[in-house]
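The values are calculated or read from the model by the stated rules, or taken from the named source; none is laboratory data. Worth saying up front: this structure is predicted, and the values here are computed from it rather than measured. Virtual Cβ from ideal backbone geometry, glycine too; neighbours counted across all protein chains shown. Accessible surface is based on the protein model in full, side chains and every heavy atom, while ligands, DNA and RNA are left aside. Shrake-Rupley method; radii C 1.70, N 1.55, O 1.52, S 1.80 Å.
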Amino acid sequence: LGVQQLADQYGLTYLDYNFDEMMDAIDLNLDTDFYNEGHLNIQGAYKFSNHVAGYLQQQYALPDRAGY
C-alpha cells in the first residue's frame, strides 16, 4: 500500500508536501529553500514549520504556546 492508501484505511490525515501545490502554498523555492535535493535549509525549515503549525492550530484548535 502507498502512504495515502494506508492513511485512508486507518482514517488518518496524510499531508504530502512533495506535490507542487503544497510547495506553492508554503512558498518553497528549490533554489533558495533547500540544502540539497529533498532537504530543507534553515529558511525552508522555517517556512515548513510555520505552515505545519498553522495547519495544526486550525485543524485541532491548539493554543499558541510560542511564548512559553
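Only DSSP H runs of four or more residues enter the estimate; each adds -39500 (n - 2.57), and after division by the residues of the chain the mean residue ellipticity at 222 nm equals -14500 deg cm²/dmol. Of the residues Tyr35, Asn18, Asn50, the one whose Cα sits farthest towards the positive end of the charge dipole of the chain is Asn50 (charges of +1 on Lys and Arg Cβ, -1 on Asp and Glu Cβ, taken about the Cα centre).
Accessible surface of Tyr14, taken over heavy atoms with a 1.4 Å probe and every protein chain present, rounds to 80 Å². Residue separation of Phe34 and Ala61 scaled by 0.36 nm, minus their Cα-Cα distance, works out to 6.7 nm of gained length. Overall, the accessible surface of the chain at a probe of 1.4 angstrom is composed of carbon and sulfur to the extent of 53 percent.
Its Cα centre serving as origin, the chain has a Cβ charge dipole (Lys and Arg +1, Asp and Glu -1) of approximately 400 debye. Per residue, the stretch 28-68 exposes 85 Å² of solvent-accessible protein surface, assessed with a 1.4 angstrom probe and all protein chains in place. Residue ranking by accessible heavy-atom surface, 1.4 Å probe, largest first, among Leu12, Leu6 comes out as Leu12, Leu6. These residues, Phe19, Phe34, Phe48, go from largest to smallest accessible area, 1.4 Å probe, as Phe19, Phe48, Phe34.
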